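Values quoted throughout were computed directly from the atomic coordinates according to the rules given, and no laboratory measurement underlies them. Just so it is clear, the model here is predicted, and its values are computed rather than measured. Cβ coordinates were reconstructed from backbone atoms using ideal geometry, including for glycine residues, and neighbour counts include every protein chain displayed.
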Amino acid sequence: MPELPEVETVARGLREQIAGRRIVAVRLGKTDFIDDPAALERELPGARIATVTRHGKFLLVRLEPRHGDDSRFCLLIHLGMTGQLAPRHPDFPVAAHTHAFFALDDGRELRYTDVRRFGRLALVPEAALEELIGGLGADPLEVTRAEFGSRLAGRRAMIKALLLDQRVLRGMGNIYADESLWRARLHPARHAARLKPQELARLYRAIRDVLNAAIRLRGSSIANYIDAEGQPGRYQLRHRAYGREGKRCFRCGQTIRRMIVAGRSSYFCPRCQPAPRRRRGVKLAGGARFR
DNA sequence: CTTACGGCCTGGGTGC
DNA sequence: TGCACCCAGGCCGTAA
């Protein structure tokens with residue numbers, strides 16, 4: 001599931017492999033996940049790839065302006081849950097569910113594969129980018145401790161929900177939210193406003209440590225994720241909470257539990273990450289309501 | 001405005 | 001062998 005570390009890994013790989021290449025042809029399969037397929041077919045052939053960057057979980061493939069005009073385009077890519085993007089030689093077997101082929105001037109083709117098609121492709125003018133992704137929150141690896149605190153200050157929502165909210169911080173998903181909370185020893189259902197400064201500091205630190213470690217291991221591969229070299233990541237071997245229901249906590253030996261928080265499966269250690277005191281209206285797993 | 005929740009998209013995996 | 005069902009992440013609409 002591509003989250004910040006996976007998208008960062010893909011962005012770095014693409015930067016190395018396809019920056020400077022020219023797209024010579026576009027071939028599309030299913031297009032229901034593409035904003036304006038005709039725009040891709042019209043504008044991309046002949047365009048040279050300038051840079052590849054990450055913005056939250058989005059990949060931004062910026063194109064050099066074509067013939068004189070200064071209309072700069074950017075190919076905006078979201079990998080969703082199962083999106084894969086890798087340059088391949090044309091004789092490399094085409095994976096099932098490959099829906100976009102971008103032939104490059106070095107003979108390879110950049111292929112977009114997405115089993116679920118929860119991903120998105122869109123070719124947007126540079127000027128329209130701000131409206132599409134400008135509303136995203138701070139990058140968790142760049143945000144200062146002070147801004148991190150102010151973004152959570154006074155928020156009554158559960159910390160897990162806020163970590164998943166891309167308008168608060170951009171780039172975290174279910175895996176890294178759970179891993180960060182485990183490391184910070186905070187229960188996912190804690191209310192952000194009730195976190196003590198020391199706990200916020202722990203969480204801030206944990207998020208940075210977890211994301212940086214995950215980038216070093218080139219992301220987590222659970223089912224589908226591969227990088228721009230077609231290789232899986234290895235951070236799943238370091239998971240301490242995510243997907244470990246019923247297994248022992250690496251810190252204390254207690255059994256890791258799973259509950260639904262903020263509508264998502266949340267894995268945590270009930271001993272290291274003590275539940276918040278029950279209060280009126282706090283929703284518990286199974287939908288029971290306490291008054 | 002903030003928060004919570006349900007539904008939708010799709011198809012692989014699972015269990016009967 | 002077949003089939004119903006669950007689940008995943010992001011997003012949107014709705015309601016309080």
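Only one entry of A:L75, A:L79, A:L141, A:L59 meets the criterion of being among the hydrophobic types (A, V, I, L, M, F, W, C), farther than 30 Å from A:Y267 by Cα and within 19 Å of the chain's Cα centre (by Cα), and that entry is A:L75. Every listed requirement among (1) over 23 Å from the mean Cα position of the chain (by Cα); (2) over 17 Å from A:G29 (Cα atoms); (3) within 16 Å of DNA strand B (Cβ to nearest atom) is met by A:D106 save one, (3).
Residues in the range A:146-166 that are surrounded by fewer than 18 Cβ atoms within 10 Å (Cβ to Cβ), within 12 Å of DNA strand C (Cβ to nearest atom) and among the hydrophobic types (A, V, I, L, M, F, W, C): A:A157 only.
The residues on offer are A:L85, A:L123, and the sole one that is in contact (Cβ under 8 Å) with a residue 60 or more places away in the chain, surrounded by 20 or more Cβ atoms within 10 Å (Cβ to Cβ), touching a Ser or Thr at 6+ places or on another chain (Cβ under 9 Å) and assigned to a strand (DSSP E or B) is A:L85.
Quick grid of which residues meet (1) within 16 Å of DNA strand B (Cβ to nearest atom); (2) farther than 18 Å from A:D227 by Cβ; (3) touching a residue at least 40 places away in the same chain (Cβ under 8 Å):
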| position | (1), (2), (3) |
| --- | --- |
| A:L14 | no, no, yes |
| A:G29 | yes, yes, yes |
| A:D32 | yes, yes, yes |
| A:G46 | no, yes, no |
